Every structure is written in C-alpha cells, then in structure tokens.
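Heads up: the structure comes next, in structure tokens.
The values are calculated or read from the model by the stated rules, or taken from the named source; none is laboratory data. A quick note: this is a predicted structure, and the numbers were derived from the prediction, not measured. When we count neighbours, we look across all protein chains shown, and the Cβ atoms used for this are built from the backbone with ideal geometry, even at glycine.
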Amino acid sequence: MTTSKSIWTLFVEGLKATRLTPASEEMSESATATENIPPIEIAIATPSVAANEMTAAIIAPQSETPENIASTLERSEMTKFKLEYIWLDGYTPTPNLRGKTQIKEFYEFPTLEQLPLWGFDGSSTMQAEGHSSDCVLKPVAVYPDPARTNGALVMCEVMMPDGVTPHASNKRATILDDSGAWFGFEQEYFFYKDGRPLGFPENGYPAPQGPYYTGVGYKNVGDVARKIVEEHLDLCLAAGINHEGINAEVAKGQWEFQIFGKGSKKAADEMWMARYLMLRLTEKYGIDIEFHCKPLGDTDWNGSGMHANFSTTYLRETGGKDYFERLMAAFEKNLHDHIAVYGPDNHLRLTGKHETAPWNKFSYGVADRGASIRVPHSFVKNGYRGYLEDRRPNSQGDPYQIASQILKTISSVPFAVSGSSSAAA
Ligand code: ADP
Ligand code: MN
Ligand code: MN
Ligand code: MN
C-alpha cells in the first residue's frame, strides 16, 4: 500500500521525467525541493482513478499537459524571497551597518542553514585593499522582514575569502559561546532633524530637562517621535526581536528601547538588527538617529548610554558575596579594556554628572545610578545572585564588543577560590 506522500513523489518525478528541457540547475534545485514537499493527503475515492489525474486536477485544473503542470507546480510552490544581508563594516572606532539584497527562491521562509554565503567589495567598507577586495558574508541569524513582502533580514559575520577565518573587523566571532549568558541592552539615542535634536528650535534651546523623561504631550515629545518608536516596536516584534520596552528619555528628542536575549550573542545580534530597522524606518521621515554619546557637548543636556545588564548561570544560580567581590575586582583591574570597547568619546559622557560615574574610576553600588556598575536591590536580597548593570557602555558602542569583553572578564574569575573554607578540611 503506497502512502499519499509516495504517490505525490512519484507523480512529481514522473513529471520531471517527461520534461523536454535538458537537466539544468533549475532541474536539480527542483529535484532537491521535491524531497521537501510535505505529505499531502490525497483522497483517492476509487482505486481505478489514477493518482496522477487526481493530483493534476487539484494542482492545476486548467493545465492539461505534464509540462504545464510541472511549471505551475514550481511556480505555486517556490517563492522569491528578498534576502537583506546585513553586516558591520570596518570603520573605527564604530562600525556602520551595511546591507544589500539578493533574491532567492525557497519553498518556505528560509532557515539559517539554507542561506548561502555571499560576497561584497571590502575595499568600499574599509575591509580590504582594492586589488584583493572580496570579503565573505556568513549568515548567522535570520529574521522575517516585516516591511517587505517575502523579506528576510539576514545578520552576517564578515569572513576572509576562505569563508571560515573571521575578518579582523568581525568582533562577533570573539564572543565566548555561553548559552547561559543573558544580556539586556538599553539603547538611548536622539532623533535628529536639520542637524539638531528633534523638537529643538532653530536657535537656542527648548525648555530645560525635567518633563521629557517618560513624558507625554506635544510640548514634551512633539508629534512624530512617538509614531516612529511605536512603528519601530511593531517592526521589531514582527521580526521576532526581543524588544522589551520603550521610554522617552531625559533630553528632548531623546528616547530609549531595550533588547534582551538569552545566549551570549543573541541580544547583540538583535540590537544591531533593531538599530538597522530604526535607521531604515526613519529614512522616510527625513529624520536621522544620532548615536553619539554626548551630541550636545558639555551642556546641561544628557548624553546617551547603552547600559549593559548581564548575568550568567553561575551569577543567577550560585553567586554569593565572595564571588561577587572577586568579580568586581576583575572589572576594576580590566577598567581600560572595558572602556576601550564601551563606545567612543565616553569621557565626554562619563563625567560624574548626569547619573554617570567618571570613566577612569571603577565603582559599584547597590541601586547606585552614579556608579560604574549598579547592583540591583534584588541581587543583594537574593544572596548576591541575579544580574548586574554596567552603566558605562555608550549609545554608540558595539554590543558585540561589549558582550565579548564582559564575558572575557567574567571568565577570568574562578567560581571558588582554592585555599578558602574547604581547604581547611
Ligand atoms: P533601568 O532603566 O532601570 O536601568 P530597564 O528596564 O530599562 O532598567 O532595563 C533593564 C534591563 O535589564 C532590561 O533590558 C532587562 O531585560 C535586563 N535584565 C533583566 N534581568 C536580567 C538578567 N537576569 N540578565 C541580564 N539582563 C537582565
Ligand atoms: Mn532603562
Ligand atoms: Mn535610560
Ligand atoms: Mn539602565
């Protein structure tokens, strides 16, 4: 007794055999895809009715010849997807997002494994010399693109021409693998129009800071910012990005959103993708995103950060005061390595004013928003277990480099020090 699937498979193979065109790439693609066709229940009313006839009637009621049926089948099953390959260029100190589209056919929304490597001209992105300019794009995460019909957003790592060696600009490749590492990034940024924060008058300043943080009403947030942040939120959620919230920030024209992810690279991937979606969205509004950490300089206007909240399995489940204190000592020792990747010009922002700690002095404190690392109340209450907030990374920082350095420092701290309590036994 044949199953409905094998009837289907035989049918499709039969059609292929009768095709007049020579075997081509298209043929072999179709052949592979045939194996992926899901079982389709074909109700065979009487054994005397040929399965082929039945199926032909279902699939292509107006196409009689096997030729026509085969092409109708391929047309109806394959979809042309718009794949936006997105990567970070080689600019320093902060990379820029780049993206280009290729069209590929799939039976359904592609999985990461189905997405091919691709290339680009690295000489135009500070990633290669002109005479040998090929760089390779390796897909590492894929999201539905809610703004495009049949669109996919493909986050990529940049590789050397061999396809396996990470390019020097590829900082994602430096992040330690740890599925138990969780990050929550709070992205602050300014909307900019005509070279100044959205809502600032052409000359001078708006009313001083105070009512804008989490504010409501035209005089506080204007008439377009909220529309954009809501649209951005919907785009992120539809793409499967773990966007966690929004708030209007302290300065006029300044906003924040949060992204949280479990796994050492997940939140960073999604933060870059969320930044991409924001930058692409605001094109049509004629508005730019200013990621600089202190766009209004040494004034009474806040700068922008990207607080990095982090935890590991050990911090959440075991922790303890001793481990916590050794961890903080390691953060203090590695101060300069952290500041080096926490975003450019951070000395302009980490001044000790506006809820910041001076950039060159490490500190931590319970519920202290003026410390380098804020220790939530709940962390201490739960026996020094939970997550910590590094408040130093800035809005322009690369979440890949930030996650990489934080995990590097954490990994340098042993869970338990030999020679303590148990050594006495
Ligand atoms: P605040 O503005 O008070 O600093 P937010 O709510 O803006 O707080 O951001 C807190 C962030 O901490 C969120 O992104 C959240 O996902 C993240 N977070 C919460 N719990 C953990 C955890 N266990 N590990 C890592 N990040 C966490
Ligand atoms: Mn916040
Ligand atoms: Mn904030
Ligand atoms: Mn915060």
Response to the item:
Every listed condition ((1) more than 16 Å from ligand 4 (Cβ to nearest atom); (2) assigned to a helix (DSSP H, G or I); (3) out of contact with any Lys or Arg (no Cβ under 9 Å at 6 or more places or on another chain)) holds for ALA268 save (3)
Worksheet, complete the sentence: HIS354 vs (1) within 16 Å of ligand 2 (Cβ to nearest atom); (2) at pLDDT below 95; (3) crowded, with 22+ Cβ neighbours inside 10 Å; (4) of a type outside the set (D, E, K, R): all pass except (3)
Worksheet, complete the sentence: For region 361-418, the count of residues that are in contact with a helix residue (DSSP H, G or I) (Cβ under 9 Å, 6 or more places away or on another chain), within 16 Å of ligand 3 (Cβ to nearest atom) and among the basic types (Lys, Arg) equals 1
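When the residues of region 317-343 are filtered to those that are within 25 Å of the chain's Cα centre (by Cα) and surrounded by 15 or more Cβ atoms within 10 Å (Cβ to Cβ), which remaining residue is farthest from TYR400 (Cα to Cα)? Break it down stepwise before answering.
Within region 317-343, the subset within 25 Å of the chain's Cα centre (by Cα) is 337-343.
Subsequent filtering for residues that are surrounded by 15 or more Cβ atoms within 10 Å (Cβ to Cβ) retains 338-339, 341-343.
Working: HIS338: 12, ILE339: 14, VAL341: 9, TYR342: 10, GLY343: 11 Å.
Filtering region 317-343 for residues that are within 25 Å of the chain's Cα centre (by Cα) and surrounded by 15 or more Cβ atoms within 10 Å (Cβ to Cβ), the one farthest from TYR400 (Cα to Cα) comes out as ILE339.
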Worksheet item: With THR299, THR312 as the choices, which residue is out of contact with any Pro (no Cβ under 6 Å at 6 or more places or on another chain), β-branched (Val, Ile, Thr) and under 15 Å from GLY180 (Cα atoms)?
Response: THR312
Worksheet entry | Pairs, first within 13 Å of ligand 1 (Cβ to nearest atom) in region 234-258, second in a loop (DSSP other than H, G, I, E, B) and of a type in the set (D, E, K, R), C-beta under 7 Å, six or more apart | TRP255/GLU249; GLU256/GLU249
Discussion item. So if I check each of LYS252, LYS266, which one is at pLDDT 95 or above, away from ligand 3 (no atom under 16 Å from the Cβ), basic (Lys, Arg) and surrounded by 17 or more Cβ atoms within 10 Å (Cβ to Cβ)?
Written reply: LYS266
Item to complete: Keeping to region 374-421, report how many residues are of a type in the set (Lys, Arg) and more than 16 Å from ligand 4 (Cβ to nearest atom).
Response: 3
Response to the item:
(1) under 19 Å from GLY370 (Cα atoms); (2) of a type in the set (Asp, Glu); (3) at pLDDT 95 or above all hold for ASP298 apart from (3)
